[in-house]
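Engineer: One structure follows; several queries about it will come next.
Just so it is clear, none of the values below were taken in a lab; they were calculated from the coordinates. This one's a predicted model, so the numbers in the text were calculated from it and none came from an experiment. Cβ placement follows ideal geometry from the backbone for every residue including glycine, while neighbour counts extend to all protein chains displayed.
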Amino acid sequence: MIDTAIMPPPDVKPLLNPPTKLAREMAAFRRLLPQLIERYRNKYVAVHGEQVVGSGDDLVKVAMAVYEQFGYQAIYVDLVTDEPVRPVRVPHFDVIY
């Protein structure tokens, strides 16, 4: 029979770099997405303080309205949809020697 040793639990320390406000707003958007699809499908929503604070059909207008209301700070604005994000192709050139 194998003799197993029980090791002490690891010493877990808090994160040195806690998530930024923008990272928290992005996470809140993803967490709220199932409910947002029911109400805001194909609209842009602005997330501030981990809740929806604005919505509309134009990303820039939504962002500007939220900045006007809350001041210039980190907010997250994205399109509410259940479709996958289409890949973006960035044209570039190759240098041939």
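Engineer: Can you name the residue in segment 17-31 that is without any contact (Cβ under 8 Å) to a residue 40 or more places away in the chain and surrounded by fewer than 14 Cβ atoms within 10 Å (Cβ to Cβ) and, of all such residues, is farthest from the chain's Cα centre (by Cα)?
Structural biologist: Per the criteria, the residue is Asn17.
Engineer: Give the residue, chosen from Pro34, Pro8, that is in a helix (DSSP H, G or I), free of Cβ contacts under 8 Å to residues at least 40 places away in the same chain and surrounded by fewer than 11 Cβ atoms within 10 Å (Cβ to Cβ).
Structural biologist: Going through Pro34, Pro8 in turn, the sole match is Pro34.
Engineer: What number of residues within segment 70-83 are touching a strand residue (DSSP E or B) at 6+ places or on another chain (Cβ under 7 Å) and over 15 Å from Arg24 (Cα atoms)?
Structural biologist: 3
Engineer: Counting only residues that are among the polar types (S, T, N, Q) and part of a loop (DSSP other than H, G, I, E, B), which one in segment 45-96 is surrounded by the fewest Cβ atoms within 10 Å (Cβ to Cβ)?
Structural biologist: Filtering first and then ranking leaves Gln73.
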